[in-house]
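Data first, discussion second: the structure below is written as structure tokens.
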């Protein structure tokens, strides 16, 4: 106790935490050395490309500024594909192009290479110029490379085809904020301070069953989120059935989309938009359906039929009508609990695609939702219609989608991908979303990533690979929003990312992003410009060092406000092919003039989780993530993170406020293949 007081008295918060960081890392390393001597067992296998996931600058750009709920769909979709990989040596164009971040043009190149080589390996994909290496590193764990002649009997009568590759995988995660938040101190949060996540999966080559439960900190056991799904794939007319919870993607997300983090960078590297219905893999407690869905292959048509009957969280006014739907998924206080299961929703829908083989598709969608209470405007139902297509012409892709609340479609997006050469691809799109179009399940490309409220815009992007060691991605977007409610009514955005592999051991990237907006009802212009430098160097086979610097500048034309935000971090990763543990540690220093000039820091986390905290004010953040494997069946992950701010007496707001300048958290996760 005396030592703690002594350090507190003579050292600043940043100095104290640097010392604690090295003490903590020494203990982690010592414990890892002891644990590494334990005997390993081998029963099953947890499929995993890496124990500690490496975060690429491209992935950071995709998730920049997104909330945890927004990011969860993509991360869970990637996590689902890690456990249910797509066989590159047998997949169709439609299946490949539905993989997040894989464009239909790149999927075509994979098929062309497969036709010339019969069976592909991971190394073969890196030879495709149209596949940007940093993107390929993200999606590679979503693929398997089973040979054509190893797939065996796929008939319904073959029992081995149904249960080949059977596995049972369990995941348990506990997250604890060490500092006490105001909601627990004053009794507003009745549940445990621990955030808990439990999941168990049974998978075969034809069956995927999953049970999931998540309880947020402050929630009681009964108020947590539970999910169940059973997916069955068949080779006959009925291609597949999903029972329980499922998510839907269709077209460019203008009618239905589970891809809730649509960003402008994804406008360059996104997939084809073919319809897909998959077992639900996320903990987002709103954007899913619960019921049954089936896909039928009636060549050249693929037909999806959907039914859902579930409760929705909503705010209900004094007249018994739904004033708004509640999507946060937190049910701790009395106010939040009043919204839980407040409305009942039934949904019927049909998706029909007419397939042209490798030349593309044309699809149509209609769905209708009905509620047990009137919703905004007095109606008890909502319908949506859409027509979408993606057509390939000698490598060029023409795509589009039109949607509306009636067959008279009033919103749309259209675009082209033009492969100018093996090393250059251009992207052009235009969008126009009507202000009166209402659909809470739409996540189209755009400034808002939402169809509600209306939007118009013109987008142009470019992919360049002038040399094997240099990749460039850039875009320009001009947009306009309705002038109401204080929204920005027009603006432009610029983006450029250049990644260089200067040496097999050294890679670095430069990124610039600028956005200029004018607020409706005023002449004031808000401009924001950020520059990021990122470099990674493999010192030895086992050690990778990464450095990053970012500056963010925000200014206003009339009020003459000028603010800056700065961030710098150093990261060390230790990994050894013959040792069962990996460790990554990062120290971040940040300083911003206010929340308006905040900087985001997307960081490593335990598998299936993510962290993207907004950093503002002045202070330091550091974390350490260690993972230990016992054979191929057990993986233990532990992360400790800590943020310390200067000159503050409290952090957070409302019931989530904590006293003091320290915010720290510990996460423990156990993965087992049984």
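So which residues in the range 324-344 are surrounded by 15 or more Cβ atoms within 10 Å (Cβ to Cβ), in a strand (DSSP E or B) and more than 26 Å from the chain's Cα centre (by Cα), if there are any at all? Matches in the range 324-344: 343 only.
Taking residue 411, is it buried (at least 16 other Cβ atoms within 10 Å of the Cβ) and touching a helix residue (DSSP H, G or I) at 6+ places or on another chain (Cβ under 8 Å)? Judged against the criteria, residue 411 is not a match. Among the residues making up the range 87-109, a single one is at pLDDT 80 or above and in contact with a helix residue (DSSP H, G or I) (Cβ under 6 Å, 6 or more places away or on another chain): 89. Have a look at 303, 298 and point out the one that is farther than 29 Å from residue 197 by Cβ and at pLDDT 90 or above. That would be 303, the only listed residue that is farther than 29 Å from residue 197 by Cβ and at pLDDT 90 or above. Condition check for residue 472 on (1) surrounded by 20 or more Cβ atoms within 10 Å (Cβ to Cβ); (2) in contact with a strand residue (DSSP E or B) (Cβ under 7 Å, 6 or more places away or on another chain): one failure, at (1). Entry remark, the range 287-300: residues being out of contact with any strand residue (DSSP E or B) (no Cβ under 6 Å at 6 or more places or on another chain) and surrounded by fewer than 16 Cβ atoms within 10 Å (Cβ to Cβ) number 2 in total.
Every condition in (1) part of a helix (DSSP H, G or I); (2) touching a helix residue (DSSP H, G or I) at 6+ places or on another chain (Cβ under 7 Å); (3) at pLDDT 80 or above; (4) under 16 Å from residue 86 (Cα atoms) is met by residue 114 except one, and the failing one is (2). Counting residues in the range 441-458 that are at pLDDT 90 or above and touching a helix residue (DSSP H, G or I) at 6+ places or on another chain (Cβ under 8 Å) gives zero.
Listed here are the residues, each with its yes/no results for (1) surrounded by 15 or more Cβ atoms within 10 Å (Cβ to Cβ); (2) modelled with pLDDT of 90 or more; (3) at negative phi; (4) under 27 Å from the mean Cα position of the chain (by Cα).
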{"position": "498", "(1), (2), (3), (4)": "yes, yes, yes, yes"}
{"position": "505", "(1), (2), (3), (4)": "no, no, yes, no"}
{"position": "515", "(1), (2), (3), (4)": "yes, yes, yes, yes"}
{"position": "521", "(1), (2), (3), (4)": "no, no, no, no"}
{"position": "524", "(1), (2), (3), (4)": "no, no, yes, no"}
{"position": "536", "(1), (2), (3), (4)": "yes, yes, yes, yes"}
{"position": "540", "(1), (2), (3), (4)": "no, no, yes, no"}
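One residue stands out among those in the range 117-137 that are at pLDDT below 75, assigned to a helix (DSSP H, G or I) and touching a helix residue (DSSP H, G or I) at 6+ places or on another chain (Cβ under 8 Å): the one that is farthest from residue 274 (Cα to Cα), which is 134. Of all residues in the range 540-589, those that are farther than 30 Å from residue 517 by Cα, without any contact (Cβ under 8 Å) to a residue 12 or more places away in the chain and in contact with a strand residue (DSSP E or B) (Cβ under 8 Å, 6 or more places away or on another chain) total 0. Of the residues in the range 162-175, at least one is in a helix (DSSP H, G or I), modelled with pLDDT under 80 and over 30 Å from residue 421 (Cα atoms). Here the strands (runs of 3 or more DSSP E) wholly within the range 577-674 that include at least 2 residues being touching a helix residue (DSSP H, G or I) at 6+ places or on another chain (Cβ under 8 Å) and closer than 25 Å to residue 552 by Cβ are 581-592, 618-630, 634-645.
The values are calculated or read from the model by the stated rules, or taken from the named source; none is laboratory data. For clarity, every value in this text was computed on a predicted model and none was experimentally measured. Heads up, the Cβs are rebuilt from the backbone with ideal geometry, glycines too, and the neighbour counts pull from every protein chain shown.
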